[in-house]
Amino acid sequence: MTETAAQTGGCQCGAVRYRAEGELGYPHICHCRMCQKAAGNYFLPLAAAKRQDFELTRGEPKWFRSSDLVRRGFCGDCGTPLFYDIPEADFINIALGSLDEPDAVKPVMQSSTDRKMSWFHALDRLPVEPQPETPDRENAIAASNHQHPDHDTNSWPPGESP
């Protein structure tokens, strides 16, 4: 379980933003093949917000029905995976990487570990790429950043009125 403070988040471009009041339940990492495909990654970290405590604060996600029971919400502009939703349930799962403060929610469980990558146990032994002495590329990327900041804004992109 997480702290009871509100969690906010959204997509990379800022077109879709949300707020979840209270506790996020069952923070976990799902290794199932559907989550791998939906995230474009090896796993998808998720946690559940009670539907009555969840609201979209900007925009509307696009939805893909990944099974008869589940739909996946994502930003139609930038493609960020945001939600795993069973419409009949009293909760909606939030993709934890889309939180403004993803470090605030620590997974407590893993699911579908039969699909977990067989080499994950060796990740901590991989060599670490050194930080460049002249961070020209990082500075150029930072100076041209179009990503929404990790907090709510009245309007986005900058300069647009609400």
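The values are calculated or read from the model by the stated rules, or taken from the named source; none is laboratory data. In this text the structure is predicted, and so the values were computed from the model without any measurement. Cβ sites come from the backbone with ideal geometry, for glycine too, and all protein chains shown count toward neighbours. Heads up: the accessible areas ignore ligands, DNA and RNA and are worked out on the full protein's heavy atoms, side chains in. Shrake-Rupley method; radii C 1.70, N 1.55, O 1.52, S 1.80 Å.
Quick notes
- The lysines whose alpha-carbon is closer than 16 Å to the alpha-carbon of Lys116, local same-chain residues fewer than 8 away aside, are Lys37.
- For the range 1-72: rounded, prolate or oblate by the Cα gyration tensor [a/c cutoff 1.5]: oblate
- Estimated dipole of the range 21-148 in Debye, rounded to 20 [Cβ of Lys and Arg +1, of Asp and Glu -1, Cα centre]: 620
- Signed unit charges on C-beta, dipole axis of the chain, positive-most listed residue Phe120, Pro149, Ile94: Phe120
- Remark: the chain carries 64 Å² of accessible area per residue (probe radius 1.4 Å; ligands, DNA and RNA excluded).
- Whether the range 68-122 is rounded, prolate or oblate, judged on the alpha carbon gyration tensor where a/c under 1.5 counts as rounded: prolate
- Per atom type, the range 80-160 shows carbon and sulfur on 52% of its accessible surface, probed at 1.4 Å.
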